[in-house]
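The values are calculated or read from the model by the stated rules, or taken from the named source; none is laboratory data. The model shown is predicted, which means the values in this text are computed figures rather than measured ones. Every residue, glycine as well, gets a Cβ built from its backbone with ideal geometry; the counts of neighbours run over all protein chains shown.
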Amino acid sequence: MKQIVIGAAMVAATVTGATAQEVTLGRFFGACEDAGTDTTTSVGEACIIQSIINAASEQIDGVTVNTLPTDWGNYYDQIKAAYAGGTPPDIHVLHRSALAEFAGLGALADLTDDLEAAGIDPNDWADAARDAVTVDGRIMAVPMDFHANLWHVNMDLMEQAGLVDDNGEPILPTSPEELLQQAQMVHDATGQDYLAADFAQFPIGVRLVLSLMWQQGENIFTEDGTATIDTEAARNAITAITQLFDAGLANPQLNYADSQQAFLNGEAAILVNGTWVVDLYDSEAADPDVALSNYYVADFPTLFDEGATWADSHMWAIPASVQRDDPETYQAALQVLAFINDHNIDWARTGHMSVRNSVLSSDAYAALPHRSEYAGTAEIARDTPPSERYGAIQDVLNREFQAIWLTDKPIGDALGDAELDVQDLLDR
Amino acid sequence: MLTRGYYWLVTALAIPAFLWLVPTIWMVSLSFQPNEVLARTTSSTALGLVPVPFTFENYTALFSFGQTPLWFLNSVIVALGMTLGVLAVSTTAGYALARLDFRFKTPVMILCLIGLMVPEQAVFIPLYTMFADLGWHNSYHALILPRMAVPIGVFLMMQFFRAIPQDIEEAARLDGVGWLQIFRYVMLPLARPAMMTLAILTFLYAWNDYLWPLVSAQQREFFTITLGLASIQSNFAQSEGLGRVMASGVIASLPVVILFLIFQRYVVQAMTAGGSKG
Amino acid sequence: MTSINKRRNHLSEAQAAWVLLLPFLAVYGAFLVYPFFRGIWISLHDWNLLAVAFNPDAREFVGVRNYERIMWGRNIEWAALAHPTLQILGIAGVGISVFLRWTNRASRATAIALGLASVLLFVLPGFHPGEGGRWYDRRFWPTVGNTITFVGLTVPGVTISALVLAAALNRETRAMSVLRTLFFLSQVLSVTVVTLIWQIMFSPRQGLIANLTELFGGSPIVWLTDESFAMAAIVITTIWWSLGIAMILFLAGLQDISKDLYEAGALDNATGLRAFWHITLPNLKRTVTVVVVLQIILHFQVFGQSHLMTNGGPNDTTQVLVRYIYQTAFRDSELGRASAMAVFLFVIMGSFSILQFILGREDD
């Protein structure tokens, strides 16, 4: 029964023959079931990555890839459960921020000596990308992108508010005071919100505050493990945002889907969200039924002393157990990684920044929509110091920051509590 | 006799009953609307309760590419397996505890009684590590076995068997019939209503269980429909559109609803019988 | 039927009993008793999910430290009025149970149960961090509180509406049976379908409720991310979902009430609401108790609604115990700590089960 069922369901993906080496692949990014194998036309993270995977399955001789997409919210829980259960997928995606935890446990295969043979050239990776996947001098994963927070701009609303310069670029704030001022201008001219973001669910609001802290040269904890959250810099960063809520120029209660919808509906001039939606919004803006029609992407503006925006990196890893116990699957998995590495330009179409010098300098990359508008982002990309408790720390911040803007918890109390909790996590 | 008051009552109850149904109607209606439209508005016609504009696209897509049919089948296998398993161990143990005499009966009974107090959530972590050590995760038996250990069914069956008059059994004993035969040929047929109740309760539980499949099934082939749906709904922005997600919800629900509509008379009767005997 | 008349070497009664018991005892021992004790054992260790999976020696015996770390803190003090509302309620509860027992309106067991609960209500909220002190885990007790709030809102909601509906629908006519079906229907949906529907229902942008509000010119409530509405939202969802079983159980209880009682009541002019109050309710007491305790046990284990609809937010207002256990185990990899919380959950559940047992015996 089981055989029939699985066979029937997988028939579309696994017809290459009985001898094919099956490689299981775990990822988030959402599901795209009808992605096809054309890597050059798919739109959106889910469909682009799935089309690359489908193409790998079709084009690599003797290898079939079985994708196990998981939802974002449960991804790391499930991947941990899979590792602990001894059944991790043969390849899986992870963030740079999660690499410390997995590599620290010895969960991941050391790929350093096998990359060249598999046709992956680590020297073509940008320095920052190579650093991101390197733990104690060894390469533990194949990087796929850099992603960062951007300001997605509705130029029509900005135009009405007089916030477009002679070059046709949006005029963005350079200080918290200007932020409030310009937000008010947009509101007065259009009646719409200035800024929208997911302040209520996923930690996009956290990333916003972190960026503003980094812009003042501060971080939430030091490399040696001391939490530094109850600080003047954090207060400044948070006030810069809450002043918009207090003035009714932004709505803290929108979650990811709602904030995105607000932006597409022309109800907010700015959406703070990642690089991963550039092509999606670009295609939405081309749709005459969508209110957003004049779409622009901008680097996260500098409101304080130095430029900084939250950034992370997606990368692909192979479990140590596969390398150790199952050489055939390991070789097949490396081939799939090489295929993904070769299609870095397709993945960059999402809006993510490429990790390969050869792609970064290519005309095709430069020609991607809006690419020139956020060329400065790579320079200002930042993240918190590596920690095995990254997820839990983000969760603490998300909770306390939400308490500030959703439940009116005094900023001092929230930052004090957050500092204690994060210190707790760092000490564990 | 049906009085005027009765008709008023029916009318008065019809309104909340309709409201009760509205969320379900809405899900069905959304599943028949194009995703491009839903991305902009969910209230095209009559607050979205009527699927205009109409499309079958979501369903055709679901069946051409989706894993929903597979997940659905997994759910059926797991729910049926669990139901049969629970019935088997509960009827036998329930009968033994209700009608047979043996040493250590009281300690066994107390041991089972204590088990009633242990919620699934209190043991799912050790169960997880146990199944991990055994390499059992991502299998049907991993999804089925833990629930078979829950003693509620044993007590349900025990209470039922206790209520059966002694003389039926005694007559058979006098004919020299063995205990196992009495159980098989006399008691089991009598127990059908109670078994039906237990089967339905177990099936519903199995169908709805979320926590254990969430930690035990990490591979898509072993997702149940409950788990599969969770995996596509958590971020609508990243999913393939509201209409498609809603269509999956409808597909996931339709068979259970149909099953219930067919058996509902029996469900209520069985529960009523079980309630009065218990 | 001929086969059963054959005389064979039959098993003795005790042998037959063990043969019949064996399958259940085997699964019971392997998948409930053993894991239960193993859970307690894990809770006494510093046990990292992944580290132990890669190296079984990576666990460390720490005694009751996990319990201390979740339930206790630095400089915890006790004061009689640290949390006045709850504690005064507790004192009142003690008074009421003494009064009820004294006036013989409640049995001894009921009075003890109520009194004990009241004492706990007085004692537990009295603990608070003193000068410079703090809870080691700031989230644990609020999470327990949220779970109790959820139960405290859902159980009366389900019980009262199910009781009223059952009383109204308790007639064997075609129309009534159709109505019963409609109300029961949502019960068969799985938790993910239910949360799927209600997440969209509550959405301020795409939701039916928002669409309706906007039609009347109001501005939509942001249900799932507003501190004052998020808990209400998951309670409404749960009531909608789980009303059916309670209603069926009440209907079963109603069937048991003899028609004669109503006929006798009708002679005394007790019809309609009066009959419900004076005949139906008193005779349904036992069923109500069963339904309430079953619901408490069921809803204390809430997970999916919080996990899928609100992610425990905003600001942890809908974070519930099982979700905290799940997160601690599988996101933070701290199996020891999570197991300690699971043992705590068991103690709470166990207390309610014992209460149910006591109350159930009392009526016999």
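Could you go through region B:98-120 and let me know if any residue there is surrounded by 15 or more Cβ atoms within 10 Å (Cβ to Cβ), among the basic types (Lys, Arg) and either assigned to a loop (DSSP other than H, G, I, E, B) or in contact (Cβ under 8 Å) with a residue 24 or more places away in the chain (or both).
yes
Among the candidates C:Leu44, C:Leu21, C:Leu50, single out the residue that is more than 26 Å from the chain's Cα centre (by Cα), surrounded by 14 or more Cβ atoms within 10 Å (Cβ to Cβ) and more than 24 Å from A:Ala81 (Cα to Cα).
The conditions single out C:Leu21.
Scanning region C:166-188 for residues that are closer than 14 Å to C:Leu251 by Cβ, among the small types (Gly, Ala, Ser) and out of contact with any Phe, Trp or Tyr (no Cβ under 8 Å at 6 or more places or on another chain), which turns out nearest to the other protein chains (Cβ to nearest Cβ)?
C:Ala168
In region A:71-88, what residues are over 16 Å from the mean Cα position of the chain (by Cα), among the hydrophobic types (A, V, I, L, M, F, W, C) and more than 7 Å from chain C (Cβ to nearest Cβ)?
Those that are over 16 Å from the mean Cα position of the chain (by Cα), among the hydrophobic types (A, V, I, L, M, F, W, C) and more than 7 Å from chain C (Cβ to nearest Cβ): A:Ile79, A:Ala82.
Among A:Val63, A:Val23, A:Val15, which is the only one that is closer than 20 Å to A:Met315 by Cα and either modelled with pLDDT under 90 or more than 12 Å from every other protein chain (Cβ to nearest Cβ) (or both)?
Numbers: A:Val63 fails: closer than 20 Å to A:Met315 by Cα; A:Val15 fails: closer than 20 Å to A:Met315 by Cα.
None of the others qualify; the one that does is A:Val23.
Considering only residues that are of a type in the set (D, E, K, R) and part of a loop (DSSP other than H, G, I, E, B), look in region A:335-390 and name the one that is farthest from A:Ala103 (Cα to Cα).
In this case the residue turns out to be A:Arg349.
Against the definition (in the same structural domain as C:Pro282 (by TED's automatic domain parsing) and either outside any helix (DSSP H, G or I) or closer than 28 Å to B:Val245 by Cβ (or both)), how does C:Thr192 come out, yes or no?
On the way: in the same structural domain as C:Pro282 (by TED's automatic domain parsing): yes; either outside any helix (DSSP H, G or I) or closer than 28 Å to B:Val245 by Cβ (or both): yes.
Judged against the criteria, C:Thr192 is a match.
Taking region A:365-392, which residues are more than 9 Å from chain C (Cβ to nearest Cβ) and touching a Phe, Trp or Tyr at 6+ places or on another chain (Cβ under 8 Å)?
If the condition is that a residue be more than 9 Å from chain C (Cβ to nearest Cβ) and touching a Phe, Trp or Tyr at 6+ places or on another chain (Cβ under 8 Å), then A:His370, A:Arg371, A:Glu373, A:Thr377, A:Ala378, A:Ile380, A:Ala381, A:Arg382, A:Asp383, A:Thr384, A:Pro385, A:Ser387 are the ones that fit.
Based on what the data block shows, is B:Pro146 touching a Lys or Arg at 6+ places or on another chain (Cβ under 6 Å) and either of a type in the set (Phe, Trp, Tyr) or over 29 Å from C:Leu11 (Cα atoms) (or both)? So that I can check it myself, show each step before the final result.
Numbers: touching a Lys or Arg at 6+ places or on another chain (Cβ under 6 Å): no; either of a type in the set (Phe, Trp, Tyr) or over 29 Å from C:Leu11 (Cα atoms) (or both): yes.
When the stated conditions are applied, B:Pro146 does not pass them.
Please note which helices (runs of 4 or more DSSP H) are completely contained in region C:1-107 and include at least 3 residues that are of a type in the set (D, E, K, R). Break it down stepwise before answering.
Details: elements: C:13-28, C:34-43, C:49-54, C:65-71, C:84-102.
Fully inside region C:1-107 and qualifying: C:65-71.
One residue is enough: does region A:97-108 have a residue meeting the conditions among the acidic types (Asp, Glu) and facing chain C (nearest Cβ under 9 Å)?
Initial filter on region A:97-108 (among the acidic types (Asp, Glu)): A:101.
With facing chain C (nearest Cβ under 9 Å) added as a condition, the list becomes A:101.
There is at least one residue in region A:97-108 that is among the acidic types (Asp, Glu) and facing chain C (nearest Cβ under 9 Å).
Report yes if A:Asp421 is assigned to a helix (DSSP H, G or I) and touching a Lys or Arg at 6+ places or on another chain (Cβ under 8 Å), otherwise no. Write out each step before concluding.
Working: assigned to a helix (DSSP H, G or I): yes; touching a Lys or Arg at 6+ places or on another chain (Cβ under 8 Å): yes.
In short, yes.
Hey, C:Gln199 hits all of (1) within 11 Å of chain A (Cβ to nearest Cβ); (2) not in a helix (DSSP H, G or I) but one; which does it fall short on?
So C:Gln199 meets the others, but not (2).
Between residues in region B:32-61 that are within 21 Å of A:Ala262 (Cβ to Cβ) and residues that are charged (D, E, K, R) and part of a loop (DSSP other than H, G, I, E, B), which pairs lie under 7 Å by C-beta distance while being six or more apart or on different chains?
Final answer for the pair search is B:Arg40/A:Asp289.
Going through A:Ala46, A:Ala103, A:Ala129, A:Ala55 one at a time, which residue ends up being surrounded by 21 or more Cβ atoms within 10 Å (Cβ to Cβ), under 22 Å from the mean Cα position of the chain (by Cα), modelled with pLDDT of 90 or more and within 22 Å of A:Trp347 (Cα to Cα)? Talk me through it step by step, then tell me what you get.
Numbers: A:Ala46 fails: modelled with pLDDT of 90 or more; A:Ala103 fails: within 22 Å of A:Trp347 (Cα to Cα); A:Ala55 fails: under 22 Å from the mean Cα position of the chain (by Cα).
None of the other options fit; the residue is A:Ala129.
Condition (residue is surrounded by fewer than 22 Cβ atoms within 10 Å (Cβ to Cβ) and among the polar types (S, T, N, Q)) applied to region A:153-165: is it met by at least one residue?
Checked against the condition, which is being surrounded by fewer than 22 Cβ atoms within 10 Å (Cβ to Cβ) and among the polar types (S, T, N, Q), region A:153-165 yields at least one hit.
Output the residues belonging to region B:137-151 that are under 16 Å from C:Leu21 (Cβ atoms) and part of a helix (DSSP H, G or I).
B:Met148
The rows are residues; the columns are (1) assigned by TED's automatic domain parsing to the domain that holds C:Glu131; (2) touching a Lys or Arg at 6+ places or on another chain (Cβ under 6 Å); (3) on the phi > 0 side of the Ramachandran plot.
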position	(1), (2), (3)
C:Ala30	no, no, no
C:Ser43	no, no, no
C:Asn48	no, no, no
C:Asn66	no, yes, no
C:Thr85	yes, no, no
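Among the residues of region B:178-222, which ones are facing chain C (nearest Cβ under 10 Å), in a loop (DSSP other than H, G, I, E, B) and surrounded by fewer than 23 Cβ atoms within 10 Å (Cβ to Cβ)?
Passing the criteria: B:Gly178, B:Tyr210.
Applying the selection to region B:133-149, what residues are within 7 Å of chain C (Cβ to nearest Cβ) and within 26 Å of C:Gly336 (Cβ to Cβ)?
Taking region B:133-149 as the starting set, the residues that turn out to be within 7 Å of chain C (Cβ to nearest Cβ) are B:145-146, B:148-149.
Listed by number, the residues that qualify are B:Leu145, B:Pro146, B:Ala149.
In this structure, does A:Ile340 turn out to be out of contact with any Asp or Glu (no Cβ under 9 Å at 6 or more places or on another chain) and either away from every other protein chain (no Cβ under 14 Å) or within 24 Å of A:Leu115 (Cβ to Cβ) (or both)?
Numbers: out of contact with any Asp or Glu (no Cβ under 9 Å at 6 or more places or on another chain): yes; either away from every other protein chain (no Cβ under 14 Å) or within 24 Å of A:Leu115 (Cβ to Cβ) (or both): yes.
So A:Ile340 passes the test.
Kindly establish whether C:Leu163 is more than 10 Å from every other protein chain (Cβ to nearest Cβ), in a helix (DSSP H, G or I) and at pLDDT 90 or above.
Values: more than 10 Å from every other protein chain (Cβ to nearest Cβ): yes; in a helix (DSSP H, G or I): yes; at pLDDT 90 or above: yes.
Judged against the criteria, C:Leu163 is a match.
Yes/no per residue for (1) within 30 Å of A:Asp198 (Cβ to Cβ); (2) buried (at least 19 other Cβ atoms within 10 Å of the Cβ):
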position	(1), (2)
C:Trp241	yes, yes
C:Leu249	no, yes
C:Ala264	no, no
C:Leu273	no, no
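Among the candidates B:Leu13, B:Leu62, single out the residue that is hydrophobic (A, V, I, L, M, F, W, C) and under 24 Å from C:Ser161 (Cα atoms).
Details: B:Leu62 fails: under 24 Å from C:Ser161 (Cα atoms).
From the options B:Leu13, B:Leu62, the qualifying one is B:Leu13.
Do you know which residues across region B:37-53 are surrounded by 15 or more Cβ atoms within 10 Å (Cβ to Cβ) and either more than 7 Å from every other protein chain (Cβ to nearest Cβ) or over 21 Å from C:Thr213 (Cα atoms) (or both)? Even if it seems obvious, please write down each step before you answer.
First pass over region B:37-53, keeping only residues surrounded by 15 or more Cβ atoms within 10 Å (Cβ to Cβ): B:37-40, B:42-44, B:47-49, B:51.
Selection gives B:Val37, B:Leu38, B:Ala39, B:Ser44, B:Leu49, B:Pro51.
What do you reckon, is C:Thr149 surrounded by fewer than 23 Cβ atoms within 10 Å (Cβ to Cβ), within 18 Å of C:Thr287 (Cβ to Cβ), modelled with pLDDT of 90 or more and more than 14 Å from chain B (Cβ to nearest Cβ)? Working first, answer last.
Numbers: surrounded by fewer than 23 Cβ atoms within 10 Å (Cβ to Cβ): yes; within 18 Å of C:Thr287 (Cβ to Cβ): no; modelled with pLDDT of 90 or more: yes; more than 14 Å from chain B (Cβ to nearest Cβ): yes.
It is false that C:Thr149 is surrounded by fewer than 23 Cβ atoms within 10 Å (Cβ to Cβ), within 18 Å of C:Thr287 (Cβ to Cβ), modelled with pLDDT of 90 or more and more than 14 Å from chain B (Cβ to nearest Cβ).
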